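What follows is a set of notes on a single structure, which appears directly below.
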Amino acid sequence: MRLKDIAEHVGVSVTTVSRVIKDDPSRNVNADIKKKVWLAVKELGYTPNEHARQLVNATKVRVKRTKRIAWLASPGLADDNPYFSKIFKGISETFAKEGYTLELLTHSDLKDEAVFHRIIREKEVEGVLLVDAVEEGILQELKKLVPVVGVDFNYSDHSISTVDYDREEAVYKGMQHLVEKGHCQIGFIGGEINGELKSEKRFRGYRKALSEFGLKLNKDYVIDSGWCMNQAYTKTKSLLNRSEHDRPSGILCASDLLAIAGMRAAHELGLKIPEDIAFVGIDNNEMAQYVVPALTTISIPQYEMGAVAAKTLLNKIKDELQLELKTLLPSTLLIRQST
């Protein structure tokens, strides 16, 4: 396949096709023409990079590895989010031991045909680690071109190898602990996934645990915080401001930060923790052990999730395994003063 074939297919000059594929900033090319060129590139299976040609014919040519991995995430996620920062540390340290470097891939990169072509189709990276969700069409195209592994809940229901923790099991451990402490009225603080709370796995685990322990679901005890600490705080304060018989005696929270916000609301209402209201979080966030009282939580092996995801991707790259693995890592109940 040559540039001339692409040019004839689109109806433009070879020079124009070359400018589009090289993403030449010195000359402007009409956006519609660019789109047609990239569509032709995909349809005709053009691989302009010599390294890419070698990869296509890997059985004949020994290819020098690029030792680069792309990971899809929102900019700043690894620095700003304490949960994902631990996952990223596991990812980066595992790849570093194998001599691999990481390149951040954003949603805008995937939608930019020139960038997508350079990084993915020309095989500038050997594999992709997905943290943020992507459109199904993009996901399927990625799978055809490079080994792909998903980390965390966004990909647990997709047809790719994934590494996650069992959210329903984690919630069950927290609920079992509250029940063993004598709590019969147990609330929940969480947030929506894909626009609805009922599909979120931790909430599903909460409902399942209520049923297994013979407890009724009281919709008034369920707080959808939108994953916002301030909403968790204000809505919990409103709930706990009721009479003793009209409020929960324990609350299972989908994250430690939501639990900490709820605990502040309880403090301001003069309620004693855990005598009047008990709290259980999920994460084992560093702050959980320093709040007063220290927060009982379900510890999630975030570093190990990142490390296992990296090793899974390396195995797919080295061995070209076709089997898609679903790996769920175990969680651990850490009992502290909040229960």
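Every number here is computed from the coordinates shown, using simple stated rules; none is lab data. Note that this is a predicted model, so its numbers are computed, not measured. Cβ: placed from backbone, ideal geometry, glycine included. Neighbour counts: every protein chain shown.
Quick notes on this structure:
- A simple spin-label model places the labels of residue 32 and residue 135 2.0 nm from each other, with each point 7 Å out along Cα-to-Cβ.
- Full-stretch length increase - residue 169, residue 107 - with 0.36 nm per residue and alpha-carbon distance subtracted: 19.2 nm
- Percent of alpha-carbon pairs separated by more than 12 Å within region 241-283: 56
- Neighbour net charge for residue 176 - beta-carbon separation under 12 angstrom, K R +1, D E -1: 0
- Rounded to 5, the percent of DSSP beta bridges in region 167-299 classed as antiparallel: 5
- Length gained on full extension, residue 114 to residue 332: 74.0 nm, using 0.36 nm per residue less the C-alpha separation.
- Zone of residue 74's modelled label, taken as backbone nitrogen in region 183-215 under 15 Å from a point 7 Å along Cα→Cβ: 191-195
- Using 0.36 nm per residue and subtracting the Cα-Cα separation, the extra length available between residue 290 and residue 234 on full extension is 18.0 nm.
- The residues neighbouring residue 247, those whose beta-carbon lies less than 12 Å from its own, together hold a net charge of -2 under the Lys/Arg +1, Asp/Glu -1 convention.
- In this rough spin-label picture, where each label sits 7 Å from Cα along the Cβ direction, the residue 5-residue 264 distance is 6.2 nm.
- Distance violations [Cα-Cα > 24 Å] among 67/144; 67/316; 198/311; 86/201; 144/326: 198/311
- Kirkwood Rh and Cα Rg combined as Rg/Rh, region 167-299: 0.92
- Residue exposure sequence - 253, 228 - by fewest surrounding Cβ within 10 Å: 228, 253
- Going by neighbour counts of Cβ atoms within 10 Å, the residues 263, 287 line up, fewest first, as 287, 263.
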